[in-house]
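Enquirer: This is the structure I want to talk about, given as structure tokens.
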2 protein chains.
Amino acid sequence: MNHLDATAIAEAVRSGTTTAAAVAEHFLGRIERHEPAIQAFASFDPQVVRQQTQDAEGPLAGIPVGIKDIFDTVDHPTEFYSPIYQGNCPSRDAHVVALLRQAGAVIMGKTHTTEFAYMHTGPTRNPHDLSRTPGSSSAGSAAGMAAGFFPLALGTQTAGSLLKPAAYCGLYAFKPSLGLVSLEGVKPLAPSFDTVGWYGRSVRDLERLAQVLIPGFPTVEPVERPLNLGFYRTTRWQDVDPVVAKAIEQAITRLASRGHQISEVTLPEAFAGVFDDHQLINDCEGARSLAKEFQAHPELLSDSTLALFERAKGTTWEQESAAKARLMKRASLLTKICRPFDGVLSVSCGMLAPIGLASTGPSDFIKFWGAFGWPQMNIPLRCGEGELPVGLQLVGVFRSDARLLRVAQTLAQLLAVELSAPGIEPGRSKKLEA
Amino acid sequence: MNHLDATAIAEAVRSGTTTAAAVAEHFLGRIERHEPAIQAFASFDPQVVRQQTQDAEGPLAGIPVGIKDIFDTVDHPTEFYSPIYQGNCPSRDAHVVALLRQAGAVIMGKTHTTEFAYMHTGPTRNPHDLSRTPGSSSAGSAAGMAAGFFPLALGTQTAGSLLKPAAYCGLYAFKPSLGLVSLEGVKPLAPSFDTVGWYGRSVRDLERLAQVLIPGFPTVEPVERPLNLGFYRTTRWQDVDPVVAKAIEQAITRLASRGHQISEVTLPEAFAGVFDDHQLINDCEGARSLAKEFQAHPELLSDSTLALFERAKGTTWEQESAAKARLMKRASLLTKICRPFDGVLSVSCGMLAPIGLASTGPSDFIKFWGAFGWPQMNIPLRCGEGELPVGLQLVGVFRSDARLLRVAQTLAQLLAVELSAPGIEPGRSKKLEA
């Protein structure tokens, strides 16, 4: 089971090679052994897991899925890592959780998030190195994936919350175009950017989940010809750790050596402002989204969330409107520049997973593209023994989601050497077993 | 109390001229007398109302508010007018409901919506003529306002759901720019358009609510100079009932006679496609938003909702992407054309409230502007005795919300002859008293 992706496990359940109950027991065993070290779960109950394995039917029948604790669930509390919502038990599942259940998936529990999916971090550790952060905010979903607690998991992204943990934990990740996946029952932060995304052990896992969570998601043909890819460093490439830069450049070289065309993209100077515009809008929208919590319980909010309110207070309506208008204008130019490519490559994070759990590093290279609502993916690199993962980012223009997954399939075949769940590989689980 | 707007009632409570309890009893009396004829409420309990009048503090202290039954509430079931959700009791209030309570408002109950705020209508009747529809989907909030059950109410709009009932029931209505008000705890339909909006008895009521529901909403100076207004008929003006057209043109003439500049706007031919693009996106996004209900309980969905799924099934991903792209392109041109104006006038609905409760007429003139996420308002016209209301629509470019309210203030002073709650006026309540 450690060497199978979710798609293969689903096939095994469907064909009778294994059962949903046996699948659940495998993953429950992993959790029992390693959860004390990883602390991926905000809420977990093996009995609730076992109850779901009976009569599971559908494309994800019997497949365990981890759910970030900002999605409402009927069988687990939903607390957003905030004391304000201790014991909160929603009456309905979030839209995507309902769709997962209808597809036969087994909800394994709620995974740790930062407070309201913003910055204040929880207790979760990186399975690749327990002294390091798994990234945020989808920390528990990513660490649980890397530790082999479930082969699929839900996260969300507003700035870097899905791809950053994917980069630090060595996971395949897919963040669809803005607005494609319903946010019903998901705690909002900044509606201009908030998007549901997910982790899988392979690109085809990501696509299988897209078919379930985006009803009507198109099936497109694999790309057989050499790819025509862009590569954009952004104006902050100088911040990239040389180890990370080397891994990205090696991947680019490898792709080029196999006949794929890679063209370095340069953008007008105005694009250097994207990072700040994203932050400004995130602050203002975040302050509005969390206004009721701030008004009722400021004493229960973390310092980093309170700082967001301070920054929002210092920002005028006109400044926010101008930032929104600039992003819209740039989106149209960026689309023109990037549309000819099958996809554009970038780095997901400029650094390896930082040591310590309190801060998780910047999300600049992720939010640059997220600012435009484009689909984004992480392809894990450097999963050799003893190495920390590096994430290659692949993005496409708005609503090019299906094609992007096909392109990622080709890239993954060329670049990836193992399944995207390093903690479960014999050579990689040493730190966990220790 | 019948002749006071919410702002005046709040002042009276604040100054001690009356009490929150006395205010509640006044409106409870109205409800007791007239609810059997109007059927505005999906859920109503006078005891729950009375409990809230103690210790009410804040800018809306003691002000009764009607809540459309697609907002989650902790003290009333939230059923979306769907048997699928019978008895559904959320664990948290929707964001805006929480903000209302924090501002001291008294939640009067849940008002009837169409099924999932789409087309299948409920039992609510129009206080101006009980044989007519109040419009949809914010039917109960609008009819309850017109019947004097509460002086403020929440609705939502995806196509015409806020302004159409406002036009049919003779109410001031404000739908802010897309994304300004958090949708947490509101049932989604089409995220490209879904917006929370509200009804008030005056423009200043609408602004007071904006200050509560959009934290940080700017205060702008009144416009003292003559206004520079656009007037756009759309390509569907030939569908407008002559009675409605006459009322709109009389209003335009009156504004011009007071020195305001009104320029007729013409748009390139491509804008004739906005109506169909809106519908196509609404269908596709609606089918995704309601996928879980369709998969689990197709037998409990109405024919009109099932028809949405049929149309979505017949629409390709590429068609939807193209429609989105066309709207984005037109938004930029429309902004250039409309930005010089203080606001653009239009008609809210081309017809008077239709007879019968089953269908509520088209929303073309509303969704034309809603397609771009712009702020929209209804200013009630023709509220003389025995006349059915007509709605003058006022729109502004994206995020011009605060200025638009100021412009509406000027227009309302010139055009409106009475408070926007006609059912409570002595001359107008005849049908109710009968």
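Since every read-out is calculated from the coordinates, none of them should be taken as a lab result. These figures come from a predicted structure and were not determined experimentally. Note that we place each Cβ from the backbone using ideal geometry, even for glycine, and neighbour counts take in every protein chain shown.
Enquirer: Please report how far the C-alpha centroid of region B:17-77 lies from that of region A:330-398, rounded to the nearest whole angstrom.
Expert: Between the Cα centre of region B:17-77 and that of region A:330-398, the gap is 50 Å.
Enquirer: Let me ask another. Once chain A is represented by equal point scatterers at the alpha-carbon sites, with solvent omitted, what log10 I(q)/I(0) does the Debye formula produce at q = 0.06 Å⁻¹?
Expert: -0.22
Enquirer: Further, regarding this structure: Restricting to bridges with both residues inside the protein assembly as shown, how much of the DSSP beta-bridge set is antiparallel, in percent to the nearest 5?
Expert: Just about 65 percent of them are antiparallel.
Enquirer: Relative to a virtual label point 7 Å from the Cα of A:Ala272 in the Cα→beta-carbon direction, which members of region A:214-240 show backbone nitrogen distances below 13 Å?
Expert: A:234-238
Enquirer: Shortest first and in nm to one decimal, what separations exist between A:Ala322 and its copies in the other chains, measuring from label points 7 Å along the Cα-to-beta-carbon line?
Expert: List, nearest first: 3.9 nm.
Enquirer: Using helices alone, what [θ] at 222 nm do you get for chain B, with -39,500 (n - 2.57) per DSSP H run of 4 or more residues, divided over all residues and rounded to the nearest 500? List each step's numbers first, then the result.
Expert: Details: 15 runs with 166 residues, N = 434.
My calculation for chain B gives -11500 deg cm²/dmol from helical runs alone.
Enquirer: Please list B:178-184, A:114-120 highest first by mean number of surrounding beta-carbon atoms within 10 Å per residue.
Expert: Sorting B:178-184, A:114-120 by mean packing, highest first, produces A:114-120, B:178-184.
Enquirer: If I model a spin label at A:Thr219 and B:Arg225 as a point 7 Å from the Cα along the Cα→Cβ vector, what separation in nanometres do I get?
Expert: 6.2 nm
Enquirer: Compute the orientation-averaged projected area for the protein assembly as shown from the convex hull of its Cα atoms and round it to one decimal in nm².
Expert: 33.9 nm²
Enquirer: Calculate the FRET efficiency for A:Thr253 and B:Asp241 from the Cβ-Cβ distance with a Förster distance of 60 Å, rounded to the nearest 0.05. Each step should come with its number before you reach the end.
Expert: Values: r = 69 Å, r/R0 = 1.15.
Efficiency, from the Cβ-Cβ distance: 0.30.
Enquirer: How well do other chains shield peptide B:79-89, expressed as the mean number of their Cβ atoms within 10 Å of each residue Cβ? All intermediate terms of the calculation are to be shown ahead of the outcome.
Expert: Working: counts 0, 0, 0, 0, 0, 0, 2, 0, 1, 2, 2.
For this peptide, the per-residue mean of nearby foreign Cβ atoms is 1.
Enquirer: I would also like to ask the following. So which trypsin sites (Lys or Arg not before Pro) in region A:171-210 are both in a DSSP loop and have at most 16 other Cβ atoms within 10 Å of their Cβ? Numbers along the way, then the final one.
Expert: Working: sites: A:Arg201, A:Arg204, A:Arg208; in loops: A:Arg201.
Here no trypsin sites (Lys or Arg not before Pro) fit, given the DSSP loop and packing criteria.
Enquirer: Please give the average number of partner chain Cβ atoms lying within 10 Å of the Cβ of each residue in B:208-218, rounded to a whole number. Intermediate results must be reported in sequence, preceding the final value.
Expert: On the way: counts 0, 0, 0, 0, 1, 2, 3, 12, 10, 2, 4.
For peptide B:208-218, the averaged partner shielding equals 3.
Enquirer: Continuing with the same structure: From the cross-link list A:Lys110/B:Lys313; A:Lys292/B:Lys175; A:Lys324/A:Lys367, which pairs have alpha carbons spaced over 23 Å apart?
Expert: Too far apart for the 23 Å limit: A:Lys110/B:Lys313.
Enquirer: So, one more: Among the helices of chain A (complete DSSP H runs), which have Cα atoms covering no less than 24 Å along the helix axis and a Kyte-Doolittle mean of at least 0.0? Don't skip to the end; give the middle numbers.
Expert: Numbers: long enough: A:20-38 (26 Å, 0.05); A:317-338 (31 Å, -0.31).
Those that pass (Cα extent of 24 Å or more, hydropathy at least 0.0) are A:20-38.
Enquirer: Take every residue in peptide A:287-294, count the Cβ atoms of other chains within 10 Å of its Cβ, and give the average of those counts.
Expert: Average per residue, whole number: 6.
Enquirer: Going 7 Å from Cα along the Cα-Cβ axis for the label, what nanometre distances separate B:Gln51 from the same residue across the other copies?
Expert: Between copies, matching label points for B:Gln51 lie 2.8 nm apart.
Enquirer: Can you sort A:Asp129, A:Asp342 from fewest to most other Cβ atoms within 10 Å of each residue's own Cβ?
Expert: Ascending Cβ contact count within 10 Å gives the list A:Asp129, A:Asp342.
Enquirer: For label points placed 7 Å from Cα toward Cβ, what is the shortest-first list of nm distances from B:Leu130 to its copies?
Expert: Copy-to-copy label distances for B:Leu130: 7.4 nm.
Enquirer: Moving on. Could you order the peptides B:310-319, B:10-19, B:96-105 from most to least packed, using the average number of other C-beta atoms within 10 Å per residue?
Expert: In decreasing order of mean packing, B:310-319, B:10-19, B:96-105 become B:96-105, B:10-19, B:310-319.
Enquirer: While we're on this one: Students often check this: by mean Cβ neighbours within 10 Å, which of A:291-301, A:74-84 ranks highest, and how do the rest follow?
Expert: Descending mean neighbour count gives A:74-84, A:291-301.
Enquirer: Please report, in cubic angstrom per residue, the volume enclosed by the convex hull of the alpha-carbon atoms of region A:270-322. Provide the component values of the computation, followed by the final result.
Expert: Working: hull volume 3.8 nm³, N = 53.
It is 71 Å³ per residue.
Enquirer: When the distances between all Cα atoms of region B:139-210 are binned every 10 Å from zero, what whole-number percent does each bin get?
Expert: 22, 54, 24, 0
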